[in-house]
Amino acid sequence: MKVLFIGGTGVISSACAALAVESGIELTLFNRGQSNQRLVPAGSEVISGDIRDPGAVRAALAGRAFDAVVDFIAFTPQQVQSDLDLFRGRTGQYIFISTASAYQKPPLSLPITESTPLNNPFWDYSRAKIACEDLLVRAYRETAFPITIVRPSHTYDRTKLPLLGAYTAIARVRAGKPVVLHGDGTSLWVLTHHRDFARAFVPLLGNPHAIGESYHITTDEVLTWNQIYTILGHAAGVEPRLVHVPSECIAAHRPDWGDGLLGDKAHSVIFDNTKIKRAVPGWAATIPFAEGAREIMAWYDADATRQVIDPVADASFDRIIAAYEAARPVSA
């Protein structure tokens, strides 16, 4: 089977690429070669270039067709339309990597299934992904363009700390300083290891039953945010000091953090993975976050150059905590 990955060295795509090659797929990666954290799997072909330059792409892929094309880095309808123009008649399947944040926010019922409405009034990123899906569904219905839509939730690898401030938060807790956690920390969340994601994703490649379908792929392990921060703190060798701050307050100080909170992480999520398990018999996520957290901290601790402290994020923690504590009423 011949498969083209647009991207291939990101958090999600790197695990998918490695497993695809291991599974015997003839894999081609089309990317800009800008990642230095994740290696291209041995045995794959790499074409360097910018997928957003249609002329260069047509020249690079002249005369070639694929059983499946996966775009890991399409974020706007314009980019998806370019893919439709490039790959119509040249692939047996086009897989679009969407996002589980496209599901209704706040969710009116749990668990979330693939039939949960797509509606996110809080986050431009999610609304753009919804518009991409709408475009692809029309192409499937009107011209039989062979789409499959995959919605990852919060997927991580050893390089990705799922915390506000990333490594800056770890440095603070190790120094005995408090860190900000949205809400009261009891909202529910899922964190999916990228190798677990890949084991469900790769069997969808070239799968005729996946044409016209959408799937989310997530772990079944549900954690509170208090548990997530505590697990990471323990992996870092400390008990974290958490200051619970309303998401709206965080967003007022850091709008760039607020988009992802109000549009995603502040809302409890539980996913029903029945559909992907039916498509990939025997699959289940098997890597608990406690194991993933140890893997993350081992990676950061192995090289001091990875331990980047963002002074802006560090100052933001202090400013948000001070503002919130100043605004809290004093108990009688």
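Values in this text are rule-based calculations from the coordinates and carry no lab data. Just so we're clear, the structure is a prediction, and the values are computed from it rather than from any experiment. Don't worry about glycine lacking a Cβ; one is built from the backbone with ideal geometry, like all the others, and counts go over all protein chains shown.
Shape of region 67-119 from the C-alpha gyration tensor: prolate (a/c of 1.5 or more and a/b above b/c, with a ≥ b ≥ c the square roots of its eigenvalues). Computed from backbone phi with θ = phi - 60° and the Karplus coefficients 6.51, -1.76 and 1.60, the 3J(HN,Hα) list for region 47-56 is 10, 7, x, 9, 4, 8, 10, x, x, 5 Hz; x is used for glycine and proline.
Panel order for Phe66, Phe197, by other beta carbons found within 10 Å of each beta carbon, from fewest to most: Phe66, Phe197. For region 116-125, putting each phi into the Karplus relation 6.51 cos²θ - 1.76 cosθ + 1.60 with θ = phi - 60° gives couplings of 4, x, 9, 6, 9, x, 9, 10, 4, 4 Hz, in residue order, rounded to whole numbers and with x for Gly and Pro. Normalised by 2.2 N^0.38 Å, with N the number of residues, the alpha-carbon radius of gyration of region 246-325 equals 1.57. Residues Cys16, Cys132, Cys249, arranged from fewest to most other Cβ atoms within 10 angstrom of their Cβ, appear as Cys249, Cys132, Cys16.
When the chain is treated as a Gaussian network with alpha carbon springs shorter than 10 Å, the biggest mean-square fluctuation among Pro246, Pro255, Pro311 belongs to Pro311.
Divide the volume of the convex hull around the Cα atoms of region 1-127 by the residue count and you get 135 Å³ per residue.
Computed from the Kirkwood radius of its Cα pairs, the Stokes-Einstein diffusion coefficient for the chain at 10 °C and 1.306 mPa s stands at 75 µm²/s. Taking every DSSP beta bridge that has both ends in the chain, the antiparallel portion is near 10%. Classify region 192-332: rounded, prolate or oblate, from the alpha-carbon gyration tensor (a ≥ b ≥ c, eigenvalue square roots; a/c under 1.5 rounded; otherwise prolate if a/b is larger than b/c)? Taking the square roots of the gyration eigenvalues as a ≥ b ≥ c, region 192-332 is prolate.
Top mean-square fluctuation among Asn207, Asn273, Asn120, Gaussian network model of the chain, C-alpha springs under 10 Å? Its mean-square fluctuation being the largest, the pick is Asn207. Using only the Cα atoms of region 160-203, build the gyration tensor, take square roots of its eigenvalues as a ≥ b ≥ c, and label the shape rounded, prolate or oblate: rounded if a/c is under 1.5, else prolate if a/b is larger than b/c, else oblate. Judged from the Cα gyration tensor, region 160-203 comes out oblate (a/c at least 1.5, b/c at or above a/b). The reciprocal of the average 1/r between distinct C-alpha atoms defines the Kirkwood hydrodynamic radius, which for region 121-192 equals 15.9 Å.
Residues whose amide H comes within less than 5 Å of that of Tyr215, counting only those at least five positions distant or on another chain, are Ile149, Val150, Arg151 (H built at 1.01 Å from N in the peptide plane).
The residues neighbouring Gly92, those whose beta-carbon lies less than 11 Å from its own, together hold a net charge of +1 under the Lys/Arg +1, Asp/Glu -1 convention.
Among Ile149, Ile97, Ile25, whose mean-square fluctuation peaks in a Gaussian network model of the chain (Cα, cutoff 10 Å)? Top of the fluctuation ranking is Ile25.
Helical runs assigned H by DSSP (4 residues or longer) give the chain a calculated mean residue ellipticity at 222 nm of -11500 deg cm²/dmol, each run adding -39500 (n - 2.57) before division by the residue total.
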